[in-house]
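*Asks:* Got a structure for you, questions after.
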Amino acid sequence: MATAALDPITSATTDASPEAVVVRFAGDSGDGMQLTGGQFTLSTALAGNDLATFPDFPAEIRAPQGTLFGVSAFQINFGSTDITTAGDAPDVLVAMNPAALKTNVKDLKPGGLIIADSGEFNDRNLAKAKYDANPLEDDSLAKWQLLSFDISKLTMESVKEFGLGNKEALRCKNMWTLGLALWMFDRDRQPIIDWLKDKFAKAPVLADANIAALNAGHAYGETAEIGGAGLGLKQLNIAAAPAPEGLYRTVTGAESISLGLVAGAQLASLPMFFGGYPITPASAILHHLSRLKEYGVTTFQAEDEIAAIASAIGASYAGSLGITSSSGPGIALKGEAIGLAIMTELPLVIVNSQRGGPSTGLPTKTEQSDLYQAVYGRNGDAPMPVIAARSPADAFDCAIEAVRIAVEYMTPVMLLTDGYIANAAEPWKVPDMSGYTPFPVTFLDKAQEGGFLPYGRDEKLKRPWVKPGTPGLMHRIGGIEKALNTGHIEYSPANHQAMTELRRDKVLGIANDIPDQDVELGQKGGKLAIVGWGSTFGPIYQAVRRARAKGLDVSHIHLRHIWPMPKNLGDLLKSYEKVLVPEMNTGQLKTVLRDQYLVDAKPLNKVSGQPFRIAEIEAAIEEQLT
Amino acid sequence: MNDMTPVKLTPKDWETDQEVRWCPGCGDYAILKAVQRTLPDIGATPENTVFVSGIGCSSRFPYYVESYGFHTIHGRAPAVATGVKLANPALDVWIVTGDGDGLSIGGNHTMHILRRNLDCQILLFNNEIYGLTKGQYSPTSREGTKSPSTPFGSVDHPAKPAALALGSGARFVGRGFDVSKNLPDVLKAAHAHKGAAFVEIFQNCIVYNKDVFADFTEKKNADEGQLWLEQGKPMLFAKGAKGIALDKEKLTLKVVEVVDGDWEAAGVIVHDVTNRSVAHMLVEMPFGAFPMALGVLYDDPVPTFESAIVAQNELAAKGKVPDLQKLVSQGQTWTVGKGGPEL
Ligand SMILES: Cc1ncc(C[n+]2csc(CCOP(=O)(O)OP(=O)(O)O)c2C)c(N)n1
Ligand code: SF4
Ligand SMILES: [Mg+2]
């Protein structure tokens, strides 16, 4: 952040009432940092702050304790203004062990606050984190403010009366830390106490111990401030963000996609069939949906991703809304079956929660590198609509839109999300469902005028959906080229030409049925457009906002519809002197835009498994404009 | 297509207007006829019948049956069929697959549909060859099979479809062959079985693997080569002159001579379709030393996958009223009012 004066996110450590604060909890994967982060998020939302989070955890389930690769972190950015990213650099770093300090401290803002559990900084853990000397005791952390105390010992003391074993007692460390964090930001403990009681309903001792640890951490903040011994711990009060009145909740992308798919199926008046196979970070959607049977949802954990999509296709054929979901490697396996859905013209929604690739890649890290796969990744000329969600809350509407297009055009639709959106939580103003227009499906139940044509078309080029079980309309479909109208097997050259064009035109025609591309910030025309898609929305938006505040002529365009693209997009892009496309890949949307519109779009790429920082995009904007 | 008429349908009613495109003399024709003869007898209706297939010569089958049909992709028919049946359990689902389709590329799905016990009939046309791709050896080809991809003879040990099915948990295993007059009876039994019914049908690919089953299918070999199993009947063949008995020392099956029709004295086993242990021995019985076991080898139904899913879905939904507005409002919520947020 080159220009701190204009920065709406001011440092917690330099301002008594900052607008926004970034806190990162980091610890061993066994330390329960994701849980701590999740509960802190809830309390933050309840305090009325706007927020965004970034859970970042290792791929290993139980990575060896104390190791650098076993560090699990949870970052939250919250404030009294509009928050759209998890924040660039933390103001506060909570480090539960040396490895957590080592892997995270370099991100901390200069002057930022480190809270470290000195009890874990023993020789063994220091060695595992490859520290030659104890950083808490030399001056290697001088750039920052350091508060270290023996959280382990303090926790043990606070839960002594419950007679837990050493290991169990130490497990309460995360609640002690959470208690301290709650005190720091003047938060109510009650919702978390309620949650602990509920979580440990079957083991009340554990509930009591965790609550005691929570309270002890909180009390420690209070006494440290009063008795202090020069600890310099201050309480900060972040004002609530102005938000429209209404009911709110926090939502992760995996939740909102699941809810959106259920809503979509209901709006289409269809039962839903979901075929899935576990894969990070897509599994959460399968988990959520498997609990929603009363909404006509059938979930099926198949033997592999191919069976998952094939069963969904079978269900669509039989009159349900077939849905499947996976991440890159699984989507690759589904490729052939996606072609079958395109050929047989059956509705299907395929959710891709992207992760770092290729191959197994970075299972728990985020990337946007499956855009080519989504748009082009099949054999033959196999057009398919592609939609991308920008945030957890936006994913709800995207899921409904994917369902709508699938059933209104009898086509598979791919919905792109990513590991960041899937796991991140943000406050969500609960939508008023009566505001959504239903799009009920009608199945063909008797022959069209002039005889039954399974591959006859309406004005949108959609073929009819006929459910097996319908008398008189028996017919056969399959992946072999179909004859125009009748759908019989047909290999003739002219027919294949005609059918290929028909499939293309049907999908391109969807452009007539989606909103024109709007400009998120700025206006049509000017010096520079930043064009983004997916989860880079947040950092791009903030970067453009800051640049505009500095008087720079830059606009932000964000694509939801990746294929087909909105009809006015070419015109819009050509109205700017320059176009810059930040992506978490090596330039995939950039290439598609260049191909579609012959515009000189330039790439800004990041493939580190971490989301863009606002400052990175801001710097790129300045570079383009000088 | 008089689907609503109570008049009994005829095999002709199950023919489509599509030109059948198998090689002249292919065993698939006979199987098609057997199926078209079976369907009217079991009271099937075209609108409620769905044939799902993968890819291969055999998998062209659905185009020739006047019902709903889905010719899917190579090996995946069981998975597609699972979705069809779960979406609408009232449909009568038939799967047609080949030895390559069902045991090679789709082996995984075959195993899982059987262990889950989806109610359907699985007809595996075993011609011990890849017909459609012009004659490469398949997972059921015998060792030494010369084919375009194994010019010096194949070296892998063949899979035994029926043994694989039983090992995967199948509750019905039947066997027949293309031109057998008994095939419709096996198909009827498969259809009557509630659950996944696996039927291996030996099929003559006259172009790429001609007559590999002649040792038991040809008339002159029928007596010695075919053991037709019938519930409650002794396992006799060779016109009753031979039978199958249990070698109680080795715990294996053996062929015994039956003198003067006294099969009991010879220790010939009475076929009990619910005896899983004997079924395991029957599917493993090596042809040559033994006749080919045909008919219904095993039939012992257990609850089906789709019925369990439906029951669980109903139970989980019981007493809950679907309410989208309520659903999206779940979790920890707060209200932003004029005075800011509150719980
Ligand atoms: C994904 C894929 N791989 C390969 C093929 C080529 N292929 C088509 S049918 C077939 C084998 C068919 O053998 P089988 O299942 O025994 O059927 P048959 O033709 O003998 O009836 C193969 C390899 C294909 N269609 N799809
Ligand atoms: S190749 Fe063989 S299996 Fe295929 S149609 Fe011809 S004879 Fe039948
Ligand atoms: Mg074959």
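*Asks:* Being assigned to a helix (DSSP H, G or I), surrounded by 16 or more Cβ atoms within 10 Å (Cβ to Cβ) and more than 16 Å from ligand 3 (Cβ to nearest atom) is true for just one of B:Leu227, B:Leu187. Which residue is that? Walk me through how you get there before you give the answer.
*Replies:* Details: B:Leu227 fails: assigned to a helix (DSSP H, G or I).
Answer to the check: B:Leu187.
*Asks:* For A:Ala224, which of the numbered conditions (1) under 15 Å from A:Met184 (Cβ atoms); (2) modelled with pLDDT of 85 or more; (3) hydrophobic (A, V, I, L, M, F, W, C) fails to hold?
*Replies:* Single failed check for A:Ala224: (2).
*Asks:* Counting just the residues of the range B:105-153 that are near ligand 1 (Cβ under 9 Å from one of its atoms) and within 14 Å of chain A (Cβ to nearest Cβ), which one comes out farthest from B:Val80 (Cα to Cα)?
*Replies:* Ranking the candidates gives B:Leu132 first.
*Asks:* For the subset of the range B:55-100 comprising residues that are crowded, with 23+ Cβ neighbours inside 10 Å and in contact with a Lys or Arg (Cβ under 6 Å, 6 or more places away or on another chain), which member is nearest to the other protein chains (Cβ to nearest Cβ)?
*Replies:* B:Gly69
*Asks:* Quickly run through the range A:450-483 and pick out the residues that are under 41 Å from the mean Cα position of the chain (by Cα), part of a loop (DSSP other than H, G, I, E, B) and more than 10 Å from chain B (Cβ to nearest Cβ).
*Replies:* Within the range A:450-483, A:Pro454, A:Gly456, A:Arg457, A:Asp458, A:Glu459, A:Lys460, A:Leu461, A:Lys462, A:Arg463, A:Pro464, A:Trp465, A:Glu481 qualify.
*Asks:* Shifting gears a bit: Kindly indicate which of B:Phe198, B:Phe213 is more than 15 Å from ligand 1 (Cβ to nearest atom) and either at positive phi or under 22 Å from the mean Cα position of the chain (by Cα) (or both).
*Replies:* Going through B:Phe198, B:Phe213 in turn, just one is more than 15 Å from ligand 1 (Cβ to nearest atom) and either at positive phi or under 22 Å from the mean Cα position of the chain (by Cα) (or both): B:Phe198.
*Asks:* Would a scan of the range A:139-154 turn up a residue that is closer than 23 Å to A:Val23 by Cα and in contact with a Cys (Cβ under 7 Å, 6 or more places away or on another chain)?
*Replies:* no
*Asks:* Restricting to the range A:472-512, count the residues that are within 24 Å of B:Val52 (Cα to Cα) and in contact with a strand residue (DSSP E or B) (Cβ under 8 Å, 6 or more places away or on another chain).
*Replies:* Going through the range A:472-512 one residue at a time, the tally reaches 18.
*Asks:* Testing B:Lys210 on (1) within 14 Å of ligand 2 (Cβ to nearest atom); (2) touching a residue at least 12 places away in the same chain (Cβ under 8 Å); (3) of a type in the set (D, E, K, R), one condition comes back false. Which one is that?
*Replies:* Against the list (1) within 14 Å of ligand 2 (Cβ to nearest atom); (2) touching a residue at least 12 places away in the same chain (Cβ under 8 Å); (3) of a type in the set (D, E, K, R), B:Lys210 comes up short only on (2).
*Asks:* Tell me the helices (runs of 4 or more DSSP H) entirely within the range B:270-343 that contain at least 3 residues that are within 14 Å of chain A (Cβ to nearest Cβ). Give the derivation first.
*Replies:* Numbers: elements: B:276-284, B:305-317, B:324-328.
Counting at least 3 such residues, we get B:305-317, B:324-328.
*Asks:* Which condition number in (1) in a loop (DSSP other than H, G, I, E, B); (2) within 14 Å of chain B (Cβ to nearest Cβ); (3) under 20 Å from A:Phe273 (Cβ atoms) is the one that A:Thr442 fails?
*Replies:* It fails just one condition, (2).
*Asks:* Could you figure out which of (1) within 16 Å of ligand 2 (Cβ to nearest atom); (2) over 21 Å from A:Gly339 (Cβ atoms); (3) in contact with a Ser or Thr (Cβ under 8 Å, 6 or more places away or on another chain) isn't true of B:Leu91?
*Replies:* Failed condition: (1).
*Asks:* How many residues does the range B:122-146 hold that are of a type in the set (D, E, K, R), within 13 Å of ligand 2 (Cβ to nearest atom) and closer than 25 Å to B:Gly169 by Cα?
*Replies:* Total satisfying the criteria: 1.
*Asks:* For the range A:30-70, which positions are touching a strand residue (DSSP E or B) at 6+ places or on another chain (Cβ under 9 Å) and of a type in the set (D, E, K, R)?
*Replies:* Of everything in the range A:30-70, those that are touching a strand residue (DSSP E or B) at 6+ places or on another chain (Cβ under 9 Å) and of a type in the set (D, E, K, R) turn out to be A:Asp31, A:Asp50, A:Asp56.
*Asks:* Still on this structure: Taking into account only those residues within the range A:425-437 that are more than 9 Å from chain B (Cβ to nearest Cβ) and over 13 Å from A:Asp397 (Cα atoms), which is surrounded by the most Cβ atoms within 10 Å (Cβ to Cβ)?
*Replies:* A:Ala425
*Asks:* OK, next. Could you tell me which residue of the range B:211-222 is nearest to ligand 3 (Cβ to nearest atom), considering only residues that are outside any helix (DSSP H, G or I) and surrounded by 12 or more Cβ atoms within 10 Å (Cβ to Cβ)?
*Replies:* This residue is B:Val212.
*Asks:* So for the range B:105-121 (the condition being within 16 Å of ligand 2 (Cβ to nearest atom) and under 23 Å from B:Thr49 (Cβ atoms)), does at least one residue qualify?
*Replies:* Scanning the range B:105-121 turns up no residue that is within 16 Å of ligand 2 (Cβ to nearest atom) and under 23 Å from B:Thr49 (Cβ atoms).
*Asks:* Given the residues B:Asp17, B:Asp28, which is the only one that is surrounded by fewer than 18 Cβ atoms within 10 Å (Cβ to Cβ) and either more than 22 Å from B:Lys134 (Cβ to Cβ) or touching a Ser or Thr at 6+ places or on another chain (Cβ under 7 Å) (or both)?
*Replies:* Unique residue meeting the criteria: B:Asp17.
*Asks:* Let me ask another. Taking the stated definitions as given, is A:Glu120 among the charged types (D, E, K, R) and buried (at least 19 other Cβ atoms within 10 Å of the Cβ)?
*Replies:* yes
*Asks:* Please count how many residues of the range A:347-379 are within 14 Å of another protein chain (Cβ to nearest Cβ) and either in a helix (DSSP H, G or I) or surrounded by fewer than 24 Cβ atoms within 10 Å (Cβ to Cβ) (or both).
*Replies:* Within the range A:347-379, residues that are within 14 Å of another protein chain (Cβ to nearest Cβ) and either in a helix (DSSP H, G or I) or surrounded by fewer than 24 Cβ atoms within 10 Å (Cβ to Cβ) (or both) number 2.
*Asks:* Right, something else. Taking A:Gln542, is it within 25 Å of A:Glu367 (Cα to Cα), modelled with pLDDT under 95 and of a type in the set (S, T, N, Q)?
*Replies:* Considered against the rule, which asks whether it is within 25 Å of A:Glu367 (Cα to Cα), modelled with pLDDT under 95 and of a type in the set (S, T, N, Q), A:Gln542 comes out as yes.
*Asks:* Ok, one more. Could you tell me whether any residue of the range A:139-160 is over 25 Å from A:Ala224 (Cβ atoms), at pLDDT 95 or above and surrounded by 18 or more Cβ atoms within 10 Å (Cβ to Cβ)?
*Replies:* no
*Asks:* Collect the residues in the range A:321-339 that are facing chain B (nearest Cβ under 10 Å) and surrounded by fewer than 24 Cβ atoms within 10 Å (Cβ to Cβ), keeping them in residue-number order.
*Replies:* Hits for the range A:321-339 are A:Glu336, A:Gly339.
The values are calculated or read from the model by the stated rules, or taken from the named source; none is laboratory data. Predicted, not measured: the structure shown is a model, and the values here were computed from it. Every residue, glycine among them, receives a Cβ derived from its backbone with ideal geometry; neighbour counts consider all protein chains shown.
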